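What follows draws every value from the coordinates through simple rules; no lab data is involved. The structure presented is a predicted model; accordingly, all values stated were derived computationally and were not measured. With ideal geometry, Cβ positions are generated from the backbone for all residues, glycine too; neighbour counts draw on all protein chains shown.
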Amino acid sequence: MRWIKADSAHVTLKFLGDVDQDQVEPIIVSLTQSVEGIHPFTVKIREMSAFPNPAYPKVIWLGLSESTGRLKELVTRVNDGLERFGFEREDRGFHPHLTLGRVKSLNRKGPLIRKIQEFRNHEIGSMEVDRIFLMRSDLNPRGAVHMSLGEIPFSVPH
């Protein structure tokens, strides 16, 4: 396994790929408009699973759920705002998750598959969502290095 460093854990709302430097500020403005009126909310961390599937684990992740619809609304608004810049919506649905690690070898996958099954339906915890970030990711041999290009806080209810 190659584990994700705790300070790199994140939920990707929308992957943008290569972005020209002159687009960064307009994208931040768009994201700020997109989150207008969204208040902080809590997501539950409630399952462990894997991509492409638990029987053939290549990426181990923790799933997130949120019952008020705010997370889904946030993703929809972010996508709506970014379409103006030519970023197309993904065909596959949004699956909110935190990546834990990437499997290097499946030689001894039995114990890993058993752990995934053991924590498949466990509520692990929760976290407050009160902002989004525009992030830059640079890949190197030791993994991705993330850098914030902009932080957009949510509205605080009165």
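Below, the figures for the structure above:
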read-out	value
Fewest-first sequence of GLU66, GLU128 by Cβ atoms within 10 Å of each Cβ	GLU128, GLU66
For the chain, Kirkwood radius (reciprocal of mean inverse C-alpha pair distance, Å)	17.2
Ranked VAL156, VAL75, VAL29, criterion: other C-beta atoms within 10 Å, fewest first	VAL156, VAL29, VAL75
Extended-chain gain in nm, criterion 0.36 nm per residue less alpha-carbon gap, ARG89 and ARG120	8.3 nm
Phi to ³J(HN,Hα) by Karplus 6.51 cos²θ - 1.76 cosθ + 1.60 over region 18-29, Hz, x for Gly, Pro	6, 10, 5, 4, 6, 8, 4, 5, x, 5, 4, 4
Dipole of region 35-158 [Lys/Arg +1, Asp/Glu -1 at C-beta], most positive-end residue of GLY69, HIS97, ILE132	HIS97
Karplus 3J(HN,Hα) series, Hz, for region 37-53 with 6.51 cos²θ - 1.76 cosθ + 1.60 (x for Gly, Pro)	x, 7, 9, x, 8, 10, 10, 9, 9, 10, 6, 10, 7, 8, 9, x, 6
Residue order, fewest to most surrounding Cβ atoms within 10 angstrom, among TRP3, TRP61	TRP3, TRP61
Residues LYS109 and HIS39, FRET efficiency given R0 of 25 Å [Cβ-Cβ distance, rounded to 0.05]	0.05
Estimated FRET transfer efficiency when R0 is 35 angstrom, pair ASP7-SER65 (beta carbons, to 0.05)	0.90
Rg to Rh quotient for region 52-98, alpha carbon positions, Kirkwood Rh	1.06
Placed amide H near GLY150: partners under 5 Å, 5+ positions off or other chain	LEU134
